[in-house]
Amino acid sequence: MAAAEHDLVVIGAGPGGYVAAIRAAQLGLKVACVEEVSALGGTCLRIGCIPSKALLESSERFSEAKEKFETHGIHVNGLTLDLAGMLRRKEQVVTTLTKGVEALFKKNRITRYFGHARLDGPGGRVVVADGKEEKQLKARWILLATGSRSAELAGVKPDGAGVGTSTEALRYNQVPKHLVVIGGGYIGLELGSVWRRLGARVTVLEYLDRILFGLDAEVAADARKILEKQGLEFRLGCRVTGARAEDDQYVVDIEGQEAVRGDRVLVAVGRIPNTHDLGLESVGIELHKKGFIPVNDHFATGAEGIYAIGDVITGPMLAHKAEEEGIACVERLVTGHGHVNYDAIAAVVYTHPEIAAVGRTEEQLKQAGTDYRKGVFPFRANGRARTLGQVEGWIKMLADAKTDRILGVHIIGPHAGDLINEAATAVAFGASSEDLARTCHVHPTLGEALREAALAVAGRAIHI
Ligand code: FAD
Ligand code: NAI
C-alpha cells in the first residue's frame, strides 16, 4: 500500500508534540500526529501535570477545611474524606482536557494515527504499528516528541503493588499509612504533600544534602522547614540501595543508615527520555550519553529532515519548555524564524506554599562571578497575603549590579506559580528592577510583593 503523505509527521502527542502539530497546521502544513496511547496530551495531561495539580488542589482544600477554616471563623463538623470521589474528579479533569486536544486536532485538520511509530530509514519514512496492522507514512519533516518516563532505581523494582512511580501515586485507592518517597525533587514533594495532607505519614529520602536540587538554595532550605511544619519528614544524604517486601510492609534500605519501613514506596528519582524502538539507528541518530536525542539550536538532529523537542532532548523536563520548543521548531521550518529564550523559562513546584523561579540562582551568579544586587520582600508585609491568611514565604529578586537588568526571581509563597509569569515577562523583555519597581501594581494584590522586591533591590522597599 502506498504511504500516506504529509508535510510534517509529529511522533508523540504530549504538550511538545500536540502544540507543535497545531502551530504547524496554523502555518498551513498538512500535519499528522502519531500517539501510541488512546488519549492525547502525553505525560502532562494523562499522568503528570494535570492529575497531580488536581489532587494537590483537592488535598489542600481538605487540609484547609481540617486545619485552617477555624481561623476564618468557619467550623466544620463531621469532615470526612471521599478518596474515590477525589480520584474521580481528577479523572474527569484529565478526560475533559484530553478530549479537548482531540477537538483541537479536528479543528486544525490534523490527522491522528494511533500506534507506536518507528523511523524507517532516510527519506521521511515512518511506520506505525497498532498491534493489528502497520501503516506507512511519508513526510518532508518528522518531529520526534516522544517525551520521557520515570527513571528506575537499581534494587527498587516497581511491583504493581506497593512499590511504584508517580503514575501509581496518582491513584492509590487508600491513603497509605506510611509512604516512603525516594527523591526530594518535584514529584517527591508534590505527591508527598498530597498524601501527607490526606493523612499519610510521609518520609522523603534524598540522596543529596538538600531538597529541590537546581532551585535557589535559600528557597529550598526554607521550603524544607515549611514542609517539615506540615509533617513531611526528610532524611537527607540517603542513598537508597534497595526495597524489599517483608510481612505486609516494604523495607527500604539505605547505604550506611537505618532502613525505613512503609506500606507504599514512591520512586521519584528523575525521568529518562523515550527513545526505545524508535528506529533512530535506521537514520543514523546516535544518542547523547544520558540517552537524550542530540539536536542543534534549531532542534535538528543529524538526520536530514528529522527534528526533536521536549523531554526527549536535554534541558528542563517541563511541559511549557516542550511547548515552546515545538512552536519555535515548526515556525523556523515554515518561516525561517523561531527561537526559545531559555533564560525566561520559569519553573514551579506546586507545594503549599508554591515555589517558583525564573533566571539565575544566587549560587549560579556567584559561580559565574557576576556582580549582582539583591532585593527581598516577605509576604508577611503584603496586605493581600494577610487577607488570604497565607503569610509564609518571600520573594528574592537578583539584578545586575551595573545595568540593573533582572537576572533571577525566586519566590516561595502564595500563588508563586502565577506571580512568576510577571517576572518571566520582565526577564524576556530584558527589564530592569527599576522598570518593575516603577510599574504601578494593583492594591491589594500579591503582585505588590514582587514590586516591593524590585524596590528592595535599590534599598527602597516601602512596607519593610
Ligand atoms: P510527553 O508529555 O511525555 O509526551 C510524549 C508522548 O509520546 C506520550 O504520550 C507517549 O505515549 C508518546 N510516544 C512515545 N513514544 C512513542 C512512539 N514511538 N510512537 C507513538 N507515540 C509515542 N511539567 C510542568 O511543566 N508542570 C508540571 O506541573 C508538571 N507536573 C508533572 C507531574 C508529574 C507526576 C510528572 C510525571 C511530570 C510532570 N511534569 C510537569 C513534566 C511534564 O509532564 C513533561 O515535561 C512534559 O509532559 C513533556 O512533554 P513532551 O511532549 O516532551 O512529552
Ligand atoms: P527530580 O530530578 O526533580 O528529583 C529527583 C531527586 O531524586 C533528586 O533530588 C535526586 O538527588 C534524588 N535521587 C536520585 N537518586 C536517588 C537515590 N538513590 N536515593 C535517594 N534520592 C535519589 O525528579 P522527579 O521528582 O522524579 O521529577 C522528574 C521531573 O519531572 C522533574 O525534574 C521535572 O522536570 C518534572 N516535574 C515537574 C513538575 C513541575 O513542574 N511542577 C512536577 C513533577 C515533575
Residues within the range 198-224 that are under 16 Å from residue 269 (Cβ atoms), within 16 Å of ligand 1 (Cβ to nearest atom) and crowded, with 20+ Cβ neighbours inside 10 Å, tallied: 2
Close pairs from the range 174-187: first under 18 Å from residue 248 (Cα atoms) and modelled with pLDDT of 95 or more, partner among the basic types (Lys, Arg) and buried (at least 24 other Cβ atoms within 10 Å of the Cβ), Cβ under 6 Å, at least 6 apart: 176/264; 179/264
Residue 94 vs. criteria in contact with a helix residue (DSSP H, G or I) (Cβ under 6 Å, 6 or more places away or on another chain) and over 18 Å from residue 20 (Cα atoms): yes
Residue within the range 42-65 that is modelled with pLDDT of 95 or more, at negative phi, more than 16 Å from ligand 2 (Cβ to nearest atom) and touching a strand residue (DSSP E or B) at 6+ places or on another chain (Cβ under 7 Å) present: no
Breaking point among (1) in contact (Cβ under 8 Å) with a residue 12 or more places away in the chain; (2) surrounded by 13 or more Cβ atoms within 10 Å (Cβ to Cβ); (3) out of contact with any helix residue (DSSP H, G or I) (no Cβ under 7 Å at 6 or more places or on another chain), for residue 64: (1)
Qualifying residue in the range 107-126 (condition: within 16 Å of residue 46 (Cβ to Cβ), out of contact with any Phe, Trp or Tyr (no Cβ under 7 Å at 6 or more places or on another chain) and among the charged types (D, E, K, R)): no
Single match in 117, 139, 103 (criterion: at pLDDT 95 or above, of a type in the set (A, V, I, L, M, F, W, C) and away from ligand 1 (no atom under 15 Å from the Cβ)): 103
Test: residue in the range 313-335 that is over 17 Å from residue 10 (Cα atoms) and over 18 Å from the mean Cα position of the chain (by Cα): yes
Residue check, residue 230 more than 13 Å from ligand 2 (Cβ to nearest atom) and under 24 Å from the mean Cα position of the chain (by Cα): yes
Per-region count, the range 316-346, residues near ligand 1 (Cβ under 10 Å from one of its atoms) and surrounded by fewer than 19 Cβ atoms within 10 Å (Cβ to Cβ): 2
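The values are calculated or read from the model by the stated rules, or taken from the named source; none is laboratory data. Model, not experiment: these values are computed from the prediction. Every residue, glycine as well, gets a Cβ built from its backbone with ideal geometry; the counts of neighbours run over all protein chains shown.
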